[in-house]
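Down below is the structure, laid out as structure tokens.
The values are calculated or read from the model by the stated rules, or taken from the named source; none is laboratory data. Small disclaimer: the values here were computed from a predicted structure and weren't measured. Here the Cβ positions follow ideal geometry from the backbone for every residue, glycine too, while neighbour counts run over all protein chains shown. What goes into the accessible areas is simple: the full protein's heavy atoms, side chains included, and nothing from ligands, DNA or RNA. Shrake-Rupley method; radii C 1.70, N 1.55, O 1.52, S 1.80 Å.
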Amino acid sequence: MFCVLKINRRNQTLFEKLFGTFIKDEYNLSAIPVFKGAPFYLLDAYVGKKGIDWEKVLLCVGKCASRLVVNCEIEIPDNMNIGIYKSEKLYDKIMKNTFLDIVRNNTDKKNLLNISILDKEGKYTEFTETISSFSSSITIATDNKEKYSSVCEKIQKNTGMCPVLTSDFADKHVKINVDTNIMTIRAKDELINISSGENFSVPSIYKSLLPDGIPRYDFYSALYELCGVFSLGECVFDDLMVNNEKKRREDIHFS
């Protein structure tokens, strides 16, 4: 679980300026149910010039105060077990999905690709196994070859290919650095570098849960990682940076 903290500041009217310190702030807590996931808290705080009462936040949401998603920049006090939730896990998963989608859209059974993967720690074996189905040959650069032993056996059994394990990132038609989420394509006349995904669509049942003013990625990342809405891990990015220019995913062609 996590908590969305919406900070609503009262208008600085003359009355507020004169008597704001005597007006009681409001903290309204609600638990929001989530389809196929754990609920999250929504804490609406209506505050004046004194700002947030962090003791009140702790009292309202308990341990979830260490996993806040907020609607504005705010200074967090030290030594109170209060923290802003930030994570790259969903971004990482969506980037891998997007690379797979781009490769799939540029491949057919008569036009398989030579693919090179850089996975230093051997953390992305599942991705490598999946993308191997679009490859005529696959080379894997890793410092953890043991992690890839069973995966290479599966790839050979399923595709007939014999993956090459190496320490050097080989130069192939498609090079994917899964550690940094950069894909490089050697096209006819240029190198195409694909990175930095933006914008993704979620099912309407989750789209309606996003509170106004809350950062979209942080919210869905929390739903994915902290509430167990794993279906969000099937999303793909709509836009990416291609040679330092934003481009729609479906407009990326290289085959």
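Structure notes:
- Subset of segment 210-230 (residues that are open to solvent by less than 50 Å² (accessible area, probe 1.4 Å) and either assigned to a helix (DSSP H, G or I) or of a type in the set (Asp, Glu) (or both)): Asp218, Phe219, Tyr220, Ser221, Ala222, Leu223, Tyr224, Leu226
- Among residues of segment 161-187 that are under 14 Å from Val103 (Cα atoms), those with a beta-carbon under 6 Å from a residue that is in a loop (DSSP other than H, G, I, E, B) and at pLDDT below 95 at least six positions away or on a different chain give the pairs Ile185/Phe254; Arg186/His173; Ala187/Phe254.
- Residues of segment 185-209 that are more than 18 Å from the chain's Cα centre (by Cα) and either within 22 Å of Gly37 (Cα to Cα) or surrounded by 19 or more Cβ atoms within 10 Å (Cβ to Cβ) (or both): Ile185, Ser204, Ile205, Ser208.
- Tyr41 vs. criteria assigned to a strand (DSSP E or B), among the hydroxyl-bearing types (Ser, Thr, Tyr) and touching a Cys at 6+ places or on another chain (Cβ under 9 Å): yes
- Residue match in segment 192-201 (condition: small (Gly, Ala, Ser), out of contact with any Lys or Arg (no Cβ under 9 Å at 6 or more places or on another chain) and under 30 Å from Leu223 (Cα atoms)): yes
- Residue satisfying condition, being open to solvent by 30 Å² or more (accessible area, probe 1.4 Å), in contact (Cβ under 8 Å) with a residue 12 or more places away in the chain and over 20 Å from the mean Cα position of the chain (by Cα), within set Ser132, Ser116, Ser137, Ser149: Ser137
- Leading residue by the ranking (nearest to Ile182 (Cα to Cα)) among those in segment 55-80 that are of a type in the set (A, V, I, L, M) and part of a helix (DSSP H, G or I): Ala65
- Where strands (runs of 3 or more DSSP E) fall wholly inside segment 153-206, the ranges with 1 or more residues that are within 23 Å of Thr107 (Cα to Cα), modelled with pLDDT of 95 or more and of a type in the set (Lys, Arg) are 174-177.
- All positions within segment 81-107 that are touching a helix residue (DSSP H, G or I) at 6+ places or on another chain (Cβ under 6 Å), assigned to a loop (DSSP other than H, G, I, E, B) and open to solvent by less than 50 Å² (accessible area, probe 1.4 Å): Ile82, Gly83, Tyr85, Ser87, Thr107
- In segment 164-173, the residues that are open to solvent by less than 50 Å² (accessible area, probe 1.4 Å) and either out of contact with any Ser or Thr (no Cβ under 7 Å at 6 or more places or on another chain) or within 22 Å of Gly233 (Cβ to Cβ) (or both): His173
- Subset of segment 244-255 that is in contact (Cβ under 8 Å) with a residue 40 or more places away in the chain and surrounded by 12 or more Cβ atoms within 10 Å (Cβ to Cβ) - its residue that is nearest to the chain's Cα centre (by Cα): Arg249
- With respect to being modelled with pLDDT of 95 or more, farther than 30 Å from Cys227 by Cβ and not charged (D, E, K, R), Ile94 falls outside the description.
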